[in-house]
Amino acid sequence: APVVHLHRGHLEVYFPDLHDEEQFHWKGLQLLQNYMYGHPSTSLLFFPYSPAVNLINHSKEPNVKLQWSDSTKNKDWFNRSTEDLITNENDHAGLMMELVALRDIQPGEEVFLDYGSEWQEAWDQHVKSWRKPLDSKTHRPVEPFQNQQKLPTRQDFQNDDIEQLPLNAMTVCWVDFDDVEETDDPHVFRWTSDHITGDQTETRQCTLISRYERNGKYRYTAEMKIDGTKYTFTDILRRGIDVVDRPYTANQFLRQSFRHLIQMPDEMIPEAWKDLEQPVEESCGLYMAESSIPNSGLGMYTGKLIKDSHPIAFPDIAIQCTDVDENSKLWHWRVEKEYDEDKPAWLLDNYYWNPPYTGAEMEATDIQSIVPGIGMLANSHTGSFNALSRLPFRDNTGIRPQTDPGAGSSSTYHGLQYMAYNGDIAAGAEIFVEYGDHWFLDQEERLGTIPLSEDFAEADELLVKVWETIGGDPMADGAQQKWNEFLSELSEDEDEERVFIALPKNLSDVEYVLDYGTARYSVRDSIKPIEWLEQNGRCLDNIKPAVSSIPQAGYGAFATRSIRKGNVVTTTPLVQLYRDQMVIMEANDANNPKSEILFVNDQLLLNYCFGHDNSDFLLYPYSPVVNYINHDQHKHNAELRWSDLPYHQSDWLNRPARELIDLDHTGLIMEFVATRDIKPGEEILIDYGTRWQQAWDKYVENWKPNPYYKRYTPAWEFNDYTLPVRTIEEQKVRPYPENVFIGCYIASSVEQQAGAVVDGKLQYQWEYEPRLYHTTLDMTKCEIVERYKEYVETADSIRPVGELYKVRVWRHHQMSWIVTDVPRRAIEFFDSRYSSDLHLSRAFRHEMDLPDHMFSVLWMKNIVRIEDVDANEDTTATGDEL
């Protein structure tokens, strides 16, 4: 059989989101995948096309085997790369394969081929997980109707004597305007064709209106739309009508249909084709180095060009911390310490993101979202940012509070992605995220006066005017004097202090600033040579997230390239914290210091911190993907050490923990180092310590499911945009779990509409707005009043018909109002406050152990007195030495 060669990507099915211009949804693979031959090591797939070859089935006891044919003419293709063949030989087939008998085969005996162990495993798993389609009770094959002369018409809707078409079927009529007769009505024609209508090239969807019989043959009247105009055709013979499946309702379009290629033997795949097996040898794409913003510490830089709207780095985790300030107050009250509400609860006050940017604002009354990686390590610039975040997705990797002790012990917020914004990001450029002007105003006492976004804009306008006054020539007579007078006058205006800071102080720089703007000028050193980053920074994309191989661990971190023994896997700064900042408290009266205050649990963040058995001092790592690194006491392939970067404040090892806690910045940097050679795709594992292992083992041994979560279903499991949302009336019969509520994304522009009063309620029409789904700022609780334009038969299809909704919303705690034409994409399910497994009171909590040789004596409890320590002495020690 000659074979057509394709790339795996050619068989992927995507559909654009009609209500989100930035989204394309992956919907599965073409049916053709089941007839393709391939191998796990290559992107190449092969489709054989000789008679009956595609009908050969699978058996573990085959009677034929697969091999390349000696008749193949293009033998040089075996030495050419996958990319070369796909790109340069895409207009013709060039290879031929053979199926060779393994034994004598008798006439009439079926031919069988072994599809491979991966195919068999995939099929067994598919059979195990298969469920009936949602339309299984109503879906029927169309073939019986295709042979039926008497078809149902609109007149037969109430006629029980004739079988109606199923919802998945429709009629199409063969119409050619060369074979019709005109009537007195320009929109009515008489069908007169005597052509054979076996093909569907001239067919259009039609509605059968009526039927009559003449000379033993049925004739039909049908309506159809052609270019938006409705026409009626009479006297259509049965041969001019066909019954077909509606688009995307045939069985091959089921989303859960089995798809898997047939595996080729290893010996058929030459080395040149193995593009999926080759180790990643790319240079580093993400660096940590000193920021180009003066006095801003470390920053993040790209190591390659990032196209506009493309991902900057691997997606990361978000860790939600609940009611931090409230818990701090209650803890102080419980231990009878003075509580200062104006003092930050912890150093993370400078780093957390507001919950609408992580989709967590409904988790609790107050949420601080910790977003490591770009979310914490990248700096911000009020006048120029080049990175925007997208909401994470929710996933518990199958870990449930009803059955798994690991429930609630790791974050379910994953895939938080930063994208290049407002243009391409050059290789070597510093990444700037948007903190917002308000953040810099809140930090003004610590950071000093900084120009805000509007100040840079005003500075740009002033420069244009000044440039015009000097005639665009800085060397002209009087130009320098005018420039000096302009700066002097502006510097004396207190209201323009920020604008003055934004302006260049040298006239010779003005021409450059006019081209690039004052914001870009303030960080003109923000694009570094790659050589500088290699020498002065650390690579941060050696690891990426994926589902862990460790049971109950959720996600893990995996090597993106080969890492030699002794080399750095990743480097991370550390936030210094204290154990009492992790507590979650509860009180009968949270406003009364004398009320009973109880300890409930620790924040989930504790599980991502490093500490020591003899200390309350904690360190939280926050570089990209580092929070995904899991534990294996015996098979770990990495270990920890202090960094030798000049930005690591090694003198902090000689300072007491309580002194470090009071600092308003970080200073410690730690590295994960390979203890053996690590291959690409291998999971990175460290030893969390004996104390952690013992705590986990004891927890698992004593674990029992929390009865409160017996009926708990995570809200995100309902966020399949291809499935309809139940209306208020439908929920009376089939309610959603008590722990979920429905939210709708309603753009602020909707409120600017005039609106209309319908049945005593204000009514608006939904409209899309760019970046609507990037945060939950425009999400509000809603009720589903009505669902329309729905087509149930495509609910399980790869492309369901997009139903629209009428919803009732409550905005700004005002009276409710109605929004119509809301798409399914704009409706999302959320966990109600304090209902997700984040709030499991018995969930496992334990910090990881920092090795004894790294943990300073001065951070420990009751070991030595500070005054007895020589300031010049190394105060780190092993446990044995202590």
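The values are calculated or read from the model by the stated rules, or taken from the named source; none is laboratory data. These numbers were taken from a predicted model, which means no experiment stands behind them. Every residue, glycine as well, gets a Cβ built from its backbone with ideal geometry; the counts of neighbours run over all protein chains shown. Surface areas here come from the heavy atoms of the whole protein model, side chains and all, with no ligands, DNA or RNA. Shrake-Rupley method; radii C 1.70, N 1.55, O 1.52, S 1.80 Å.
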Provide, as a two-decimal number, the C-alpha radius of gyration of the range 317-438 over 2.2 N^0.38 Å, N being how many residues it has. 1.27
Which residue, chosen from PRO186, PHE253, PRO265, occupies the Cα position most advanced towards the positive end of the dipole of the range 175-274, where the dipole is computed from +1 (Lys, Arg) and -1 (Asp, Glu) charges on Cβ about the Cα centre? PHE253
Which of the peptides 657-668, 70-81 is most tightly packed, and how do the rest follow, going by the mean number of other Cβ atoms within 10 Å of each residue? 657-668, 70-81
Considering all alpha-carbon pairs of the range 214-265, what whole percent are spaced by more than 15 angstrom? 70
Of VAL464, VAL172, VAL757, which has the most accessible area and how do the rest follow, probe 1.4 Å? VAL757, VAL464, VAL172
With 0.36 nm assigned to each residue of separation and the Cα-Cα distance removed, ARG154 to GLU494 gains 114.5 nm
Give me the angle, in degrees from 0 to 90, between the Cα long axis of helix 690-702 and the longest principal axis of the Cα atoms of the chain, rounded to the nearest 10. 50
Relative contact order of the chain, please, whole-number percent, based on alpha carbon pairs below 8 angstrom and at least 6 residues apart. 12
Give the Debye-formula value of log10 I(q)/I(0) at each listed q (0.15 Å⁻¹), with one equal scatterer per alpha carbon of the range 687-810, two decimals each. -0.87
With axes computed from alpha carbons, what is the tilt in degrees of helix 479-491 against the longest principal axis of the chain, rounded to the nearest 10 within 0 to 90? 80
Sticking with the crude label model, points 7 Å out along Cα→Cβ, report the distance from LEU487 to ASP366 in nm, one decimal please. 4.5
At TRP532 and GLU786, where each label point lies 7 Å from the Cα along Cα→Cβ, what is the point-to-point distance in nanometres? 6.3
How far, in nm, would the chain grow between HIS634 and SER41 when pulled straight, counting 0.36 nm per residue and subtracting the alpha carbon separation? 210.4 nm
Report, in debye and to the nearest 20, how large the dipole of the range 158-270 comes out about its Cα centre when Lys and Arg carry +1 and Asp and Glu carry -1 on their Cβ. 400
Computed over the range 108-260, Kirkwood Rh from alpha-carbon pairs, angstrom: 18.5
Three principal axis lengths of the range 378-433 [C-alpha, angstrom, descending]: 49, 18, 17
Helix axis angle, 324-334 relative to the chain longest principal axis, alpha carbon, degrees: 50
Just going by the charge dipole of the range 391-491, with Lys and Arg at +1 and Asp and Glu at -1 on Cβ, which of LEU391, TRP467, GLY448 is farthest out on the positive end? LEU391
Which residues does a label at GLU511 reach in the range 450-468, if reach means a backbone N under 16 Å from a point 7 Å past the Cα toward the Cβ? 464, 467-468
Relative contact order in percent for the range 340-397 (Cα pairs under 8 Å, 6+ apart) equals 32
Here the averaged projected area of the range 549-623, based on the convex hull of its alpha-carbon atoms and given in nm², is 8.4
Where does each of 158-164, 289-295 land if you order them by average Cβ count within 10 Å, highest first? 289-295, 158-164
Just flag the chymotrypsin sites (Phe, Trp or Tyr not before Pro) in the range 128-163 sitting in loop per DSSP whose Cβ has no more than 10 other Cβ atoms within 10 Å. PHE157
For a protection proxy built on the mean count of beta-carbon atoms within 10 angstrom, sort 712-724, 406-418, 180-192, 839-851 highest first, please. 406-418, 839-851, 712-724, 180-192
Which label marks the calculated value of Cα Rg over 2.2 N^0.38 Å, given the options (i) 1.10; (ii) 0.95; (iii) 1.17? (iii)
For the range 473-535, place one equal point scatterer on every Cα, skip the solvent, and apply the Debye formula. What is log10 of I(q)/I(0) at q = 0.14, 0.17, 0.23, 0.29 Å⁻¹? -0.53, -0.69, -1.00, -1.21
Suppose every K and R has +1 on its Cβ and every D and E has -1 on its Cβ; what is the size of the dipole of the chain about the Cα centre, in Debye to the nearest 20? 3920
Relative contact order (%) - the range 494-566, alpha-carbon pairs under 8 angstrom, separation at least six: 17
Suppose the chain between ARG520 and GLU738 were pulled fully straight at 0.36 nm per residue; how much longer would it get relative to their current alpha carbon spacing? 73.4 nm
Hey, what's the range 374-512 come to in accessible area per residue, 1.4 Å probe, Å²? 47
Quick one: accessible area per residue over the range 1-138, 1.4 Å probe, rounded to a whole number of Å²? 61
Fraction of accessible area attributable to carbon and sulfur, the chain (%, probe 1.4 Å): 47
Sort by residue number and report every cysteine in the chain with no other cysteine beta carbon within a distance under 4.7 Å. CYS321, CYS609
Just flag the GluC sites (Glu not before Pro) in the range 476-569 sitting in loop per DSSP whose Cβ has no more than 16 other Cβ atoms within 10 Å. GLU492
Reciprocal mean inverse distance between Cα atoms of the range 501-652 - Kirkwood radius, Å: 20.3
Per residue of the chain, what 222 nm ellipticity follows from adding -39500 (n - 2.57) for every DSSP H run with n ≥ 4, rounded to the nearest 500? -4000 deg cm²/dmol
